[in-house]
Amino acid sequence: MNEEAFFDMELQLREWFDDNYEELKLAGGHALSTRVKKIAFQHILQYWRKMKEIANEVTDTELTLTLSKQKSPLGREYSVKGNVDLLRTENTFYMYDIKTESPDNIKDNLEKYKGQLNLYAKMYYDLYGDPMAKAAIIATGQTESLKEAWNSGDEKKVNEELKKWNPFIEIPVDKDSTSELLQIFGDTVDKIEEQQFSPPNEEELQKKKRQNKNFAQHVCDNCDGRFSCPSFKNYILDNGKASRKNSSNIVKYFKQ
């Protein structure tokens, strides 16, 4: 791809991104801050610049896979659903799952993702009878040095850091290794139906989780149930603040 075509493609990506964002904003009623929207588009550019050969060969995007009529330990029926991308050429057959986390975070929690992708491989096999040859995570999250390069506004620095950045993480495929993960899903279904909701205690919320964030910052900040969670309330009141920008409003809410 020559430089002009490369530039035209990035302009097209920008247009698609903006159109999709407006549609999602209208459908969901939620808007992103300027900073978050900027980073989201950086993830897309990173993926395109580093993985465009793969992007051009993907044959199915957001393919929905469903594993139906599973039984929980207490006999409840449930289904598992997931979305993946597929790449099929004459010589290979790959399943991809794109994550917005950094490659280092994925590698630090590789067992979790091995289970997820192997479950998807089983679901694909059960639906289509076609064994998956390979699977991979594409992690579009930024390293600190890549983030700094984007913040500098220097395209040369960005491209230098992209050369070092490796978002492609191959996962060994073993579709018969999913029984433990399905057991966890079944246990979770039973706990939900039995209304057994036991949040981690405040001490657990203080523990470091990922990217120098503790459990409350990494998990609770993204949990819709945090405002009715006694552990989160105690965490906020004891620390005097929350990690979000509107932390003062959250503190006021819990002090009412």
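The values are calculated or read from the model by the stated rules, or taken from the named source; none is laboratory data. The structure presented is a predicted model; accordingly, all values stated were derived computationally and were not measured. Cβ: placed from backbone, ideal geometry, glycine included. Neighbour counts: every protein chain shown. The accessibility values were calculated without ligands, DNA or RNA, using every heavy atom of the protein model including side chains. Shrake-Rupley method; radii C 1.70, N 1.55, O 1.52, S 1.80 Å.
Over the chain, with a Gaussian network built from C-alpha contacts below 10 Å, which listed residue (LEU26, LEU86, LEU13) shows the highest mean-square fluctuation? Of the options given, LEU26 has the highest mean-square fluctuation.
Going by accessible surface with a 1.4 Å probe and the largest first, VAL84, VAL173 read VAL173, VAL84. Comparing Cα centroids, the range 115-153 and the range 43-110 end up 5 angstrom apart. Just the protein heavy atoms count here, and of the accessible area of the range 155-207 at 1.4 Å, carbon and sulfur take up 47 percent. What residue among ASP108, ASP176, ASP19 shows peak mean-square fluctuation when the chain is described by a Gaussian network model with Cα springs under 10 Å? The residue that fluctuates most here is ASP19.
Hey, if we sort ARG88, ARG49 by accessible area with the 1.4 Å probe, largest down, what's the order?
ARG88, ARG49
Model label points for ASN151 and GLN195, set 7 angstrom from Cα along the Cα-to-Cβ axis, are 4.7 nm apart. Springs join every pair of Cα atoms under 10 Å in this Gaussian network model of the chain, and among THR178, THR89, THR140 the largest mean-square fluctuation is at THR89. Leaving out ligands, DNA and RNA, what percent of the accessible area of the range 1-85 is carbon and sulfur, probe 1.4 Å? Ligands and nucleic acids excluded, carbon and sulfur give 52 percent. Here the label points at LYS52 and PHE227, each 7 Å from Cα along the C-beta direction, are separated by 4.5 nm in the simple model. Mind giving me the nanometre distance, one decimal, between the label points for TYR128 and ASN83, set 7 Å out from Cα along Cα→Cβ? Between TYR128 and ASN83, the label points sit 1.7 nm apart. DSSP finds beta bridges in the chain, and of those with both partners inside it, around 75 percent are antiparallel.
Computed from point charges on the beta carbon alone (+1 for Lys and Arg, -1 for Asp and Glu), the dipole magnitude for the chain about its Cα centre is near 1180 Debye. Here GLU203 and VAL36 are evaluated by their C-beta separation; at R0 = 22 Å the FRET efficiency comes out at 0.10. Entry comment: accessible area of the range 128-256 is 64 Å² per residue, from protein heavy atoms only and a probe of 1.4 Å. Rounded to the nearest whole Hz, the Karplus-based 3J(HN,Hα) values (6.51 cos²θ - 1.76 cosθ + 1.60, θ = phi - 60°) of the range 228-233 follow the sequence 10, 9, x, 5, 5, 4, with x at glycine and proline. Structural descriptor for the chain: relative contact order 14 percent, calculated from alpha carbon pairs under 8 angstrom and at least 6 residues apart.
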